[in-house]
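The values are calculated or read from the model by the stated rules, or taken from the named source; none is laboratory data. Just so we're clear, the structure is a prediction, and the values are computed from it rather than from any experiment. Don't worry about glycine lacking a Cβ; one is built from the backbone with ideal geometry, like all the others, and counts go over all protein chains shown.
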Amino acid sequence: MFTIGDIRNIAIQIEKNGEETYRNAGKAAKNPQVAKMLAKMAEEEKRHATWFTNLQSSKPLTPEQQEIESMGRTLLQDMIRGNKFLLDENELQNAKNFEEVVAKSKTFELDTILFYEFLIGFLDDKEAIIQMKNIIEEERNHIKQLELMEDQMEDQTSCDSCESLSCQ
C-alpha cells in the first residue's frame with residue numbers, strides 16, 4: 001500500500017529523471033532546434049516536479065502509515081532514481097532529426113503514464129486516486145505539447161518547401 005506521500009515522491013523522482021535526461025541530451029545535441037526543444041522539455045519536467053512537490057493530502061497519516069511512508073520513501077526513490085524508463089539521453093543525443101526526438105520523448109511520456117496508472121491499483125485512498133489521475137493528466141498534456149511541436153515542425157517544413165509567398 002502506498003501513501004499519497006509515496007506517490008508524490010515517486011512522481012517527483014520520475015520528473016527529475018526526465019528533466020536530467022532532457023537537459024543532458026539538449027546540451028549534447030548538435031542540432032540547435034533539437035537542443036531548444038529538449039531544453040523546453042527539461043523545464044516542463046522541472047515545473048511538474050515542483051507541481052508534484054506541492055501536492056498535499058488533507059488526510060493525516062496514522063502512526064503506522066507514517067512509519068511505512070518513511071521506510072518506503074527511500075526504497076521507492078532508489079528504485080525510480082536509476083530507472084529512466086525508456087528515455088535514454090544517448091538516444092536523444094544521437095537522434096537524427098527533430099521527429100525522432102519527439103517520438104522518443106512521447107514514448108517516455110507514455111511509459112510514465114502507464115507506470116502511474118499501474119500505481120493507482122495500489123491506492124485505496126480516494127483523494128490519492130484523484131491526485132494520481134491529475135498527475136496522469138499532466139503527463140498527457142506533455143504528449144499534447146509534443147504533438148503540437150510536431151505539427152508546428154510539419155507546418156514549417158511544408159512552408160519551407162513551397163515556393164508560394166502565401167506561406168511566408
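Brief remarks follow.
- Residue ID - modelled with the highest pLDDT, chosen from residues in the range 86-117 that are within 16 Å of K30 (Cα to Cα) and crowded, with 17+ Cβ neighbours inside 10 Å: V102
- Residue within the range 118-129 that is in a helix (DSSP H, G or I), within 23 Å of N31 (Cα to Cα), out of contact with any strand residue (DSSP E or B) (no Cβ under 6 Å at 6 or more places or on another chain) and modelled with pLDDT of 80 or more present: no
- Condition broken by D155, with the remaining ones in (1) at pLDDT 70 or above; (2) under 16 Å from G18 (Cβ atoms) satisfied: (2)
- Residues in the range 118-141 that are surrounded by 13 or more Cβ atoms within 10 Å (Cβ to Cβ) and of a type in the set (A, V, I, L, M, F, W, C): L119, I120, L123, A128, I129, M132, I135, I136.
- Meets criteria (surrounded by fewer than 15 Cβ atoms within 10 Å (Cβ to Cβ), at pLDDT below 85 and not in a helix (DSSP H, G or I)) for N83: yes
- Positions within the range 1-28 being farther than 23 Å from G121 by Cα and surrounded by fewer than 21 Cβ atoms within 10 Å (Cβ to Cβ), in sequence order: K16, E19, E20, R23, N24, K27, A28
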